[in-house]
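Single-structure report; data block below.
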Amino acid sequence: APTGFWDPAGFTKDGDMDAYKRRREVEVKHGRVSMFACIGYLVPEYYKFPGYISPSLGVKFSDVPNGLAAISKVPALGWAQWFVFCGLVDAGLYRADPSRDAGDYEQAGVLGVPNASGPMSDVEGRRRKLNAELANGRLAMVAIMGMLFQD
């Protein structure tokens, strides 16, 4: 971890390494989702895709407001598509392997997405980048909560 071992709530007192690895896996995953959420929250302030989000309902991307107000404007079928897509990615593409580190997926390359680059060979560089990802993910979780509360 970027700040060393830190467990103020005492989640690891029982010494259960399986539970610890599961919690770390969840922390990394939530951090990655939060980083994308921060980007997705900021981009519509400056750019809207041209065209229709729902041609059958006549709803354009430009009709969808920013922030939390967008939840009620996006058609239900659009939300259903998102949930199915995220479920397929979570259950199929990126399956956690207990023998690997948290967030280390066999199919993923350097950036954590499937590509031909393969894993990083520099052990120290990899550790540094994973610690940076963990720290940035923690920051993004706090940031997206702040954005939602501000909205």
(request) Step through the table entries Lys48/Lys129; Lys13/Lys129; Lys60/Lys129, compare each Cα-Cα distance with 29 Å, and write down the pairs that go over it. (result) Lys48/Lys129; Lys60/Lys129
(request) Taking H placed 1.01 Å from N in the peptide plane, check which residues at least 5 places from Ser54 or on another chain put their amide H under 5 Å from its amide H. (result) Val59
(request) At 0.36 nm per residue, minus the direct Cα-Cα distance, what do Ser54 and Thr12 gain on full extension? Give it in nm, one decimal, please. (result) 10.4 nm
(message) Less than 14 Å Cβ to Cβ from Ser72, Lys/Arg counted +1 and Asp/Glu -1: what total charge do the surrounding residues give?
(response) -1
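Read-outs: derived from the displayed coordinates by stated rules, not from any lab. Bear in mind that the values here come from a model prediction, so they are computed numbers and not experimental data. All Cβ positions, even for glycine, are placed from backbone atoms using ideal geometry, and neighbour counts span all protein chains on display.
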